[in-house]
Amino acid sequence: MGASDAIAWQRTGLGTEWAPIQSLYPQKIKFVRCYQADEVWSDCAPYSSGTTGHKSTDVLLSCAYFEMVDTADEPSTGDALSLLLHKGGTVCSDGFNDNAANAICRNMGAVGAISWTTAGTAKWSATQNEYPINMGDVSCNSVTDEWVDCTYATTANDCDHSQDVLLSCVYFELVDASREPSDGSELSLLLYRGGTVCSDGFDDTAADAVCRTMGASGASEWSTTESADWADFLTNSRILVDDIYCTSNEWSECTFTYSTPNCSHAKDILISCEE
């Protein structure tokens, strides 16, 4: 469908507001199996065509049409300032604000925005000129707005590429042993995109950089999850980040390995942050 990723999905359930619409359509696909996060639809067979008649299992899906690219026009994780795209075109900064930045980052699966600015520099021009300007006049009125609460125009005739939005997003979050969000005042489990972070390569500089992306001034302390208190939580968690190396306390100066760790949960990071 041309989207960069899924935001969320769920089953409709029985007797919901979707029932009148569902009754208009046969159920065409069932038993879908996709085994890897980076698979495309053609990799997801086998699946079956036909109907079970159980409309409670129909799928509701929302998709992210935002994505980010770096100066080499390669896909970016968005941890550092990157060119924001929507449906293959850039986003004009007219009307754009911190509320919009946070809503868009959350739409892409992040906790919120680190920072945003306009392109306006020569190093982005080669990449930008390959894209049309697809969006402008973005308006998100509240800090708690989700993207569905925002308005925008699909044309931006009064914009040029110097006004294209560059955006970076926060993918880190902290939780306690009960899986509840933590304010980071005490040692808490560090997550990145919902997975744990291995301590290989991690040091005090990396700890400061991570806390700073979450709005803190730096790290108070950090440790690893050798305690049995975390065992139940970690059993159902994936390790997503490994080999973090930071040359300064800015996350943009860090490198890491994503999704291919050679680590164990005993080395997952616990961290607390300073206000």
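Within segment 81-93, can you find the residues that are open to solvent by less than 40 Å² (accessible area, probe 1.4 Å) and either touching a helix residue (DSSP H, G or I) at 6+ places or on another chain (Cβ under 9 Å) or outside any loop (DSSP other than H, G, I, E, B) (or both)? Of everything in segment 81-93, those that are open to solvent by less than 40 Å² (accessible area, probe 1.4 Å) and either touching a helix residue (DSSP H, G or I) at 6+ places or on another chain (Cβ under 9 Å) or outside any loop (DSSP other than H, G, I, E, B) (or both) turn out to be S82, L83, L84, L85, H86, G89, T90, V91, C92, S93. Identify the residue in segment 152-166 that is under 12 Å from N129 (Cα atoms) and not in a helix (DSSP H, G or I) and, among all such residues, is most open to solvent (accessible area, probe 1.4 Å). Among residues in segment 152-166 that are under 12 Å from N129 (Cα atoms) and not in a helix (DSSP H, G or I), the one most open to solvent (accessible area, probe 1.4 Å) is D160.
For segment 224-266, name all the residues that are part of a strand (DSSP E or B), open to solvent by 80 Å² or more (accessible area, probe 1.4 Å) and free of Cβ contacts under 8 Å to residues at least 24 places away in the same chain. Reasoning before the result, please.
Step one: filter segment 224-266 for residues part of a strand (DSSP E or B), giving 224, 239-246, 254-258.
From what is left, the residues that are open to solvent by 80 Å² or more (accessible area, probe 1.4 Å) are 245, 255, 258.
Passing the criteria: only T255.
Restricted to segment 13-51, and to residues there that are within 30 Å of L240 (Cα to Cα), surrounded by 10 or more Cβ atoms within 10 Å (Cβ to Cβ) and aromatic (F, W, Y), the residue that is modelled with the lowest pLDDT is Y47.
Just a yes or no: is a residue in segment 123-138 part of a strand (DSSP E or B) and surrounded by fewer than 16 Cβ atoms within 10 Å (Cβ to Cβ)?
Within segment 123-138 (the criterion being part of a strand (DSSP E or B) and surrounded by fewer than 16 Cβ atoms within 10 Å (Cβ to Cβ)), the answer is no, since none of the residues qualifies.
Here A113, A103 are screened, and the one residue that is without any contact (Cβ under 8 Å) to a residue 60 or more places away in the chain, of a type in the set (G, A, S), within 30 Å of P181 (Cα to Cα) and assigned to a helix (DSSP H, G or I) is A103. Scanning segment 167-179 for residues that are charged (D, E, K, R) and either touching a strand residue (DSSP E or B) at 6+ places or on another chain (Cβ under 7 Å) or crowded, with 16+ Cβ neighbours inside 10 Å (or both) yields a total of 2.
The values are calculated or read from the model by the stated rules, or taken from the named source; none is laboratory data. Note that the coordinates shown come from a computational prediction; the quantities given were computed from them, not determined experimentally. Because the Cβ atoms are built from the backbone with ideal geometry, glycine has one as well, and the counts that use them run over all protein chains shown. SASA here: full protein model, heavy atoms, side chains in, ligands and nucleic acids out. Shrake-Rupley method; radii C 1.70, N 1.55, O 1.52, S 1.80 Å.
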